[in-house]
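All of the numbers you see were taken from the coordinates with simple rules; none came from a lab. Since the model is a prediction, treat every value here as computed from it, not as a measurement. In this analysis, Cβ positions are derived from the backbone assuming ideal geometry, glycine residues included, and neighbour counts consider all displayed protein chains.
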Amino acid sequence: MADQAAHGVGGLKYDHSKRQRPAELNVLIALFLIVAVFELLGFLIMDQSFLFDSAGRFDSIFNEQRLQIIILQVAIVGIIALGVTQVIITGGIDLSSGSIVGATAMIAMSFAQVAEVNGFPNPKGVFMEQGWVDLPVIVPIVVGLLCGLVAGGINGLLVGYTKIPPFIATLGMMVSARGVAKWWTEGQPVSFPTESYAAIGAGMNPVIIFLVLAILFHLVMRYTVYGKHTYAIGSNEAAARMSGINVQRHLVLVYTIAGVLAAVAAIVLSSKNLTAQSGMGVMYELDAIAMAVIGGISLQGGRGSIVGTVIGALIFGVIISGFTFLRLDAFYQEMVKGAIIVGAVVLDQYRQRKAAARA
Amino acid sequence: MADQAAHGVGGLKYDHSKRQRPAELNVLIALFLIVAVFELLGFLIMDQSFLFDSAGRFDSIFNEQRLQIIILQVAIVGIIALGVTQVIITGGIDLSSGSIVGATAMIAMSFAQVAEVNGFPNPKGVFMEQGWVDLPVIVPIVVGLLCGLVAGGINGLLVGYTKIPPFIATLGMMVSARGVAKWWTEGQPVSFPTESYAAIGAGMNPVIIFLVLAILFHLVMRYTVYGKHTYAIGSNEAAARMSGINVQRHLVLVYTIAGVLAAVAAIVLSSKNLTAQSGMGVMYELDAIAMAVIGGISLQGGRGSIVGTVIGALIFGVIISGFTFLRLDAFYQEMVKGAIIVGAVVLDQYRQRKAAARA
Amino acid sequence: MSDVDISQDGHARPRDTHALGEVILRTEGLTKHYGGVHALEEADFEIRRGEHVAIMGDNGAGKSTFVRQITGVEQRTRGKIWFDGAYVDFEGPLHARHAGIETVFQTLALADHLDVPDNLFLGREKTKWNWLGPFRILDYRAMREDTLKALQKTGVKIPNVRNTIQNMSGGQRQCVAIARTATFHSKLTIMDEPTAALGVQETAQVENIIRTLKDQGEPLILISHNMRQVMDLVDRIVVFRRGRIVANLRKEETDGQDVVAYITGAKTQPAYADAAA
Amino acid sequence: MSDVDISQDGHARPRDTHALGEVILRTEGLTKHYGGVHALEEADFEIRRGEHVAIMGDNGAGKSTFVRQITGVEQRTRGKIWFDGAYVDFEGPLHARHAGIETVFQTLALADHLDVPDNLFLGREKTKWNWLGPFRILDYRAMREDTLKALQKTGVKIPNVRNTIQNMSGGQRQCVAIARTATFHSKLTIMDEPTAALGVQETAQVENIIRTLKDQGEPLILISHNMRQVMDLVDRIVVFRRGRIVANLRKEETDGQDVVAYITGAKTQPAYADAAA
Amino acid sequence: QQIGVSMSRFDDNFLTVLRNGMEEYAAGLDGVDLQIEDAQDDVARQLDQINNFIASGVDAIIVNAVDTSATEAMSAAAEGAGVPLVYVNREPINVDTLPDNQAFVASNEIESGTLAAFEACKMLRAQGLGNGARGYMLMGQLSNQAAVQRSIDVRDILGTSMCNFITLIDEQTANWSRDEAQDLMTNWLSSGEEFHVVFSNNDEMAIGAIQALKAAGISMDDVVVTGVDATQDALVSMSQGDLDVTVFQDAAGQGSGSIEAAIALVNGEDVDQKVYIPFQLVTPANMADFMSAN
Ligand SMILES: Nc1ncnc2c1ncn2[C@@H]1O[C@H](COP(=O)(O)OP(=O)(O)OP(=O)(O)O)[C@@H](O)[C@H]1O
Ligand SMILES: Nc1ncnc2c1ncn2[C@@H]1O[C@H](COP(=O)(O)OP(=O)(O)OP(=O)(O)O)[C@@H](O)[C@H]1O
Ligand SMILES: [Mg+2]
Ligand SMILES: [Mg+2]
């Protein structure tokens, strides 16, 4: 069979050149439009370029520092959003990721503390008595990932086997994990990590970790059985079950991966901030979901992609940095941020609808 | 046609006595079970009854004060949950209700301030200069309800006409309305209301308002065209449209009603607390959604009831009071609360599944 | 030329011309592309008052697509539509229904979580206290009684109409959709494979409903794969192939063999020769 | 008594007894109630290796319910099932499929957002690098090629198989579901109204597929409302009425008229007289 | 001069006064331009805001730390970019190792809870309850450092020999909120326990407790209620004889002081790297002095 003809088995005329544009393209256009608006406003109001002004400080046409912070500030929530994207594609939702970040950061950081600060015994040492200080960096990493694995696994077991709505399962985990975070040290922050732990989230490392994971999961979602089944479950769970997919086991896997990704974010976050706090990660779940939705995912499940989520994260980053750049009052920032989130999605919808869909 | 036969047009044997139990019954059973557990723990640990101990202070077998606080403390979020229930039945979600509460409380309260406190001019007077103080109570009420109407209306227009996911539309409103709340007085709380305003939320009034609204909307959802179309849209939006329901206009109505209910909650809340703060209502949206979901609603839309939501609210109230009664440590409270929310729904699911459903 | 024919491009198309107002629906050059899929191309179609027309064709030939364009479920790529003497451009199925087109869609368009009477009266409930606007009260009793009557016409058996539609068998669902359409008078009725899931008896009943429509002079577009049914019921057969109309046959002048030849592509009417190329 | 008959209650039921292992599927007293709806009552059913059996009956007679009980989609209210010589109690359709039952459900069970090859191979993808476990790599090319071959067997026309299933016509969807079943060998194939939405040509092709199964000796349960089709294809016809089996007819010993009489209730086989009461 | 300010939150009464103090002071100075951001109580967001300030090329940064143990990373970021940094209101954990162009203007959080609790202890003794008093404690958000610290202060005071006659029946969080405190107090009341004192981590919760007590018909003379912040509402409540003790912190003074320090650092002038602003106890006796302070 000629490759050209291999797309179908006859019938209607089919015009290859007019294939529908991938949905991600629309999101990308939204991103560029938002950047353009900030550039324009920059010239009008600030007399300065948003991205292309090197402020005389760097030898590049870009304001590299701004480019870096745009992505750096969303990299950690972005890591969470990778897991959340998978959960949403199954038709579920994960409200617990922010709390898992809090609990994991607290627990992992406790195993990454130094014995002495400025020559005094570490005043915040959680396991000073037990002597668990100055441990090799692998210990907090493994402990942290295990936390995420357990929390995500519980989510998955609840959703997969008890059939309760994911909203409730993960809401329960959200409340419980936040409780664990506060209980761990009775609300005290955990600080003074070892140098090797601090190195994890230093500089642009969070961005690198985010992008590597994004590429990995892009490939996984697209080219592996895992990805295919994730989409199938979200598209029609009954059909997936009747087709012989082990839906329950698969859901456990998806939620567990989401939990582990939240744990990765927690480790990077606490390392970057050199501290862990029980309030860390509050509302991250909403930001992560918003990134995914801006990236074109459907909360009904079955549709969406990692690429979209990454672009959604960038839109977030641009908005945050753009506001600071324009010196917008904090009050107006929030009001306008809400409008921009909505606007980005309206734009996306509008463009998608022009390629009119069947009702 | 005999009334007995009027249920169908023949075919299979149909046994009237074995009609399926309404889903609300399961939720009610969960409520009683939770109460029973607290009673039992009360006897074991506290040597005191949870609900039946009058502590010698009242001439009743019940601890009336506890019964009152159980419902009083959830009445305000309960009012929000009535609106959220309708939104979820259409297959949508409303994340903005908590922020609408914050913004509305600030704005409404500004029109309900007294001129003098202890003989001094009101130090918090927002409209002192304009002389808008000691206004009749109808002014803040109308202003407040208008705020809710506008915010809810915007949600509805976005969801109905631009077709963006409700999650995003209301997330945008959530962020924006919180911005408005903070911007209104630049973060300053608004205090010292008039006596007539303070009377709205005094004593058990919030409970009365909640229950009256609950009964009203129970009837509306069950016996009016509005209710029927709300269920139809959630069940199959395309079908509803093809059947000639004006889906867009209906969605505007539903979200507007939800906004107005949030405004009612805001007025009652600020009156009850004698203050309005820009941070009011944070996370109320999640509690409201959780109440609805515990009450047996489906986040896919098409199913659920006001009665269920009211019972869901009561479950919340019992949990909060039960914890205080048992003097459980704050840290453990959160951990256990999460587990109970999940447990209540698991129980409900389990009982529903025994009446096995088609896959 | 009839007054509804206001085509300006002067492109000659094969058609019967009829007296003023006799044509209830006409399409000209109706075309729908989905991305690269050319689902419907240049369809010129016409149905007169009181006429029953069948549309036949292979799976994926574009029949349902044609229905979706007429009823405003989707927005056409191009082409013109006249209904009841006026040029129309329905924004949605709501408008089409208000204009007088009743449709049984192939997807049925039922609300899964509602029961049978609710579905039957969806969008035009019987109500009391109408001054309450959207909050007017539903007249459940009247709707249930009418539902039972309407269902009896289709011959379907449903043990409990209070059961939700999602718990109905395939045939029961289809009968509910048909009963809905048959309950309300219209200027044009469209049925997309109405008897596909029906049993022997139910099919016979639905065919009776269609005959009643014919007797009442109500026009009908019937999509069906059932040759016997089509030959029994309609006046004219229009054949779709690969998104195009390839034949327009009076029942008296054709037979099953002949129609199948048009469907499969063994034959094409000379008038449509360029279309089928 | 055959070895699969291990009924302990000694309740006498009308049945043919067959030699050891010749029966591929047997049910005894299979019953399913949905709340107050008695959808299936005391169904005793049997099919032998290589046999093709049709199930007929009115809409809502309980045919699909019967299929759902056999395939583990739902848990039965009571009754016993033996498959391939062993007592079985499938927890879900996954188990039924692993045991060797391939089913085309009336609801089709397709994933709307996936394309045709994805749906065809759902749950048994062709893969490379299988040591990667759940993360093994999909062999898209192989699957697409096999898909085109399988579809050609059904005769359906699909211009672009990369299109998602939700954009397929009713008949195209049905053909995908049938192709999926026909692609994999099984011990028992069940088809619930497989040709309901199919055109003339496609129906003929699917009937050919069924004949091929017969030639290969694979047993089949066919649910259909199409009398001609049933008479053409199967060895035996079982009639359901109001949730009960009311007739078990060899094709040679019956005709269309007769079967309709059983369906409508004009006749009931003496053996089932108490059931039909 | 462009100064970037990151406040831990905007919707906090006390911090709003501090913020207003900054703005008023800056408005009186020529060529000083403030850009104030809301970190919404999120340490990570705060660090990102500092980086955004640096990318925008501000001349100095003022930080009201969400959490003082997170200041190391912030100091490092500012130091790397060579931008002066001033911490305000909360003492950073790395106070002893601050780089030269960084400073802080703050109070020592340990004082606030201690002052209030000790005063309550004295009042209870004066009421003749020296041989046994019982109380409840309302705590702020447990993920918040001030809440944790103020609660510890109360417990520490109750551990001293002078005040150990007071026992806590229960301590719970009401998340800084008047509404939650009101509900929590009502829940406590429903168990019918006798008590004499309510310690609260802030004034809002204290007022909530008072509202609940009044609604239950309990005389405010029988219960000692303490708060922290000395907000307007609290002072009015105190003037009505409801609230007994609160603690004042000079918010506006801290605000202007931090700007002063930032400008001095930009200009390369000598500044005190550590400026402590003490808490002050407020009781009905001296409340008139604070009426228009916060
Ligand atoms: N939204 C869509 N996007 C892409 N292709 C579509 C869409 N809707 C329909 N198609 C394609 O258009 C063609 C015509 O579909 P249509 O549903 O009109 O067929 P039909 O003639 O009704 O067939 P059937 O007899 O099977 O119902 C099919 O090939 C189908 O795959
Ligand atoms: N989950 C359910 N809950 C309640 N009633 C149900 C449920 N599923 C099926 N039924 C009822 O059981 C009866 C039998 O349904 P079934 O789907 O088996 O019919 P069928 O014989 O396959 O009909 P058709 O030919 O129309 O497909 C119907 O009356 C249907 O309404
Ligand atoms: Mg069709
Ligand atoms: Mg069926």
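Each listed q (0.05, 0.08 Å⁻¹) maps to a log10 I(q)/I(0) for the protein assembly as shown from the Debye sum over equal C-alpha point scatterers, namely -0.46, -1.09. Taking the label point 7 Å along Cα→Cβ, residue B:149 and its counterparts in the other copies are spaced 5.8 nm apart, in ascending order. Taking a straight Cα-Cα cut-off under 22 Å and skipping sequence neighbours fewer than 8 places away in the same chain, the lysines within cross-link reach of residue D:267 are B:13, C:157, D:63, D:251. Cβ-to-Cβ counts within 10 Å put B:183, D:129 in ascending order as D:129, B:183, the fewest first. Based on Cα atoms of segment D:109-185, Rg over Rh with Rh as the Kirkwood radius reads 0.98.
Using the average count of surrounding beta-carbon atoms within 10 Å as a protection proxy, the listed peptides D:115-126, B:171-182 rank, highest first, as B:171-182, D:115-126.
Listed by chain and number, the lysines placed with their C-alpha closer than 26 angstrom to that of residue E:122 are E:214; residues fewer than eight positions away on the same chain are left out. Across the copies of the chain, residue A:222 has label points (7 Å from Cα along Cα→Cβ) spaced 5.4 nm apart, shortest distance listed first.
Axis between C and D by rotation; chain C residue with nearest Cβ and distance in whole Å recorded as C:196, 2.
Taking every residue in B:63-75 and counting other chain Cβ atoms within 10 Å of its Cβ, the average works out to 4. With its label point put 7 Å out from Cα toward Cβ, residue D:264 sits 3.4 nm from the same residue's point in the other copies, in order from shortest.
The rotation axis taking chain B to chain A passes closest to this chain B residue's Cβ, listed with the gap in Å: B:300, 4.
Put the Cα centre of segment B:97-125 next to the Cα centre of segment E:176-192 and the gap is 23 Å. Here the Debye sum runs over all C-alpha atoms of chain A as equal scatterers in vacuum, and log10 of I(q)/I(0) at q = 0.10 Å⁻¹ comes out as -0.69. Annotation: peptides B:87-93, C:76-82, E:211-217, ranked by per-residue average of other Cβ atoms within 10 Å with the highest first, follow the order B:87-93, C:76-82, E:211-217. With all pairs of separate Cα atoms included, segment A:277-352 yields a Kirkwood hydrodynamic radius of 13.4 Å.
Taking every DSSP beta bridge that has both ends in chain E, the antiparallel portion is near 10%.
Other residues lying with their Cβ under 15 Å from the Cβ of residue B:88 contribute a combined charge of -3, Lys and Arg counting +1, Asp and Glu -1. Estimated purely from DSSP H runs of n ≥ 4, each contributing -39500 (n - 2.57), the mean residue ellipticity at 222 nm for chain E is -13500 deg cm²/dmol once divided by its residues. Per residue of peptide C:112-118, the mean number of Cβ atoms on other chains within 10 Å of the residue Cβ is 5. Summing charges over all other residues whose Cβ lies under 10 Å from the Cβ of residue C:76, with Lys and Arg as +1 and Asp and Glu as -1, gives +2.
Beta-bridge orientation, segment E:81-213: approximately 0 percent antiparallel, per DSSP, counting only bridges with both partners inside. Treating only the Cα positions of chain E as identical point scatterers, give the base-10 log of I(q)/I(0) from the Debye formula at each q in 0.09, 0.10, 0.15 Å⁻¹. Here log10 of I(q) over I(0) equals -0.46, -0.55, -1.05. With a threshold of 23 Å on the Cα-Cα distance, the over-threshold entries among C:128/C:153; D:187/D:214; C:32/C:80; A:228/D:187 are C:128/C:153; A:228/D:187.
With both residues required to sit in the protein assembly as shown, DSSP beta bridges show an antiparallel share near 50%. FRET efficiency for residue A:215 and residue A:32, Cβ-Cβ distance as r, R0 = 25 Å, nearest 0.05? After rounding to 0.05, the efficiency reads 0.70. Peptides D:91-102, C:235-246 ordered by packing proxy, namely the average of other Cβ atoms within 10 Å per residue, highest first: C:235-246, D:91-102. Can you bin every Cα-Cα distance in segment D:82-134 into 5 Å intervals starting at zero and give me the percent of pairs per bin, rounded to whole numbers? Histogramming segment D:82-134 at 5 Å steps yields 4, 14, 19, 20, 18, 14, 8, 2 percent.
Straight-line cross-link reach from residue A:272 at under 30 Å between alpha-carbon atoms covers these lysines, not counting any fewer than eight positions away in the same chain: A:124, A:182, A:337, B:182, E:274. Placing a label point 7 Å from the Cα of residue E:283 along the Cα-to-Cβ direction, the residues of segment E:104-129 whose backbone N falls under 20 Å of that point are E:111-129. Cysteines of the protein assembly as shown lacking any other cysteine Cβ under 4.7 Å from their own Cβ: A:147, B:147, C:175, D:175. Residue by residue along D:196-205, Cβ atoms of other protein chains within 10 Å of the local Cβ number 6 on average. Working from label points 7 Å from Cα in the Cα-to-Cβ sense, the residue B:67 to residue C:87 distance is 7.2 nm.
Every helix of 4 or more DSSP H residues in chain C counts as -39500 (n - 2.57), and over all residues that averages to -8500 deg cm²/dmol at 222 nm.
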